[in-house]
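Below is one structure, written out as structure tokens; the observations come after it.
Taken together, the values in this text are just the output of simple stated rules run on the coordinates, not laboratory data. Model, not experiment: these values are computed from the prediction. Cβ placement follows ideal geometry from the backbone for every residue including glycine, while neighbour counts extend to all protein chains displayed.
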Amino acid sequence: AQSVTQLDSQVPVFEEAPVELRCNYSSSVSVYLFWYVQYPNQGLQLLLKYLSGSTLVKGINGFEAEFNKSQTSFHLRKPSVHISDTAEYFCAVSGRDTGRRALTFGSGTRLQVQP
Amino acid sequence: GAVVSQHPSRVICKSGTSVKIECRSLDFQATTMFWYRQFPKQSLMLMATSNEGSKATYEQGVEKDKFLINHASLTLSTLTVTSAHPEDSSFYICSARDSLGGKHTEAFFGQGTRLTVV
């Protein structure tokens, strides 16, 4: 079984400032890791994913995340945010085994970019 | 990229009636689709896994008879909320993975359905 913890429910930040959204996970098996963004009343859009290889993953819209196995973390970062980045962000994991292919989501972090 | 289409996007129904939500993969085949429920300002909770040609697998605590799932083809899964009550009001989201893409491919999500039971 897997679980995901997003420590910050809300992160206010000024436009053009850097931001980090934290994600920690626990799992009894190796996992794949994902970050999704959700705009109001919409589905989820994939920002980036870690499957294997380089621990630094670059995604869309200037976001990147780093997989840290020893700390079981997958924090999302952006060096300079825009107003349009205001949304809900979800970290998710799925087990590498074939038995469970659904995603387990964290509780979400609301990123509020202020002018 | 791959697209998952979910309809309707918003529905209001009277208490006691049933509502059907459709989830279609538009340009890929999905032997497995997933149905999630999201309460306001909360995360997505997996309700069930829809398997083409076989019975759905429900998560613990989800009523099978209330949330009927049918996955009759490789591109369509439906969720029917039967005898809906106000507590069923929620945001329902489906997702699908490309069956030919391997087990680690990303899951594509529908736009979600806002269900309000009055």
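Each Lys and Arg contributes +1 and each Asp and Glu -1, all at the Cβ; summed about the Cα centre of the stretch B:46-87, the dipole is approximately 100 debye.
Can you list the GluC sites (Glu not before Pro) in the stretch A:16-113 that are in a DSSP coil and have 13 or fewer other beta carbons within 10 angstrom?
Answer in residue order: A:16.
For chain B, excluding the exposed loop sites themselves (trypsin sites (Lys or Arg not before Pro), DSSP loop, at most 16 other Cβ atoms within 10 Å), the longest remaining stretch covers B:67-102. Tell me the net charge near residue B:48. Cut-off is 12 Å between Cβ atoms, residue B:48 excluded, with +1 for each Lys or Arg and -1 for each Asp or Glu. Once positives and negatives cancel, what remains is +2.
Here the label points at residue B:66 and residue A:20, each 7 Å from Cα along the C-beta direction, are separated by 4.2 nm in the simple model. Less than 14 Å apart at the alpha-carbon level, and either on another chain or at least 8 residues along: which aspartates and glutamates does that give for residue B:20? Straight-distance partners of residue B:20: B:65, B:88. Taking label points 7 Å from Cα along the Cα-to-Cβ direction, residue B:116 and residue A:54 give a separation of 4.7 nm.
So which of A:49/A:78; B:14/B:41; A:69/B:41 end up more than 27 Å apart, counting from Cα to Cα? From the list (A:49/A:78; B:14/B:41; A:69/B:41), the Cα-Cα distance tops 27 Å for A:69/B:41. Charged side chains reduced to their Cβ positions (Lys and Arg at +1, Asp and Glu at -1) give the protein assembly as shown a dipole of some 360 debye around its Cα centre. Within the stretch B:4-63, the GluC sites (Glu not before Pro) that combine a DSSP coil assignment with at most 11 other C-beta atoms in a 10 angstrom radius are B:63.
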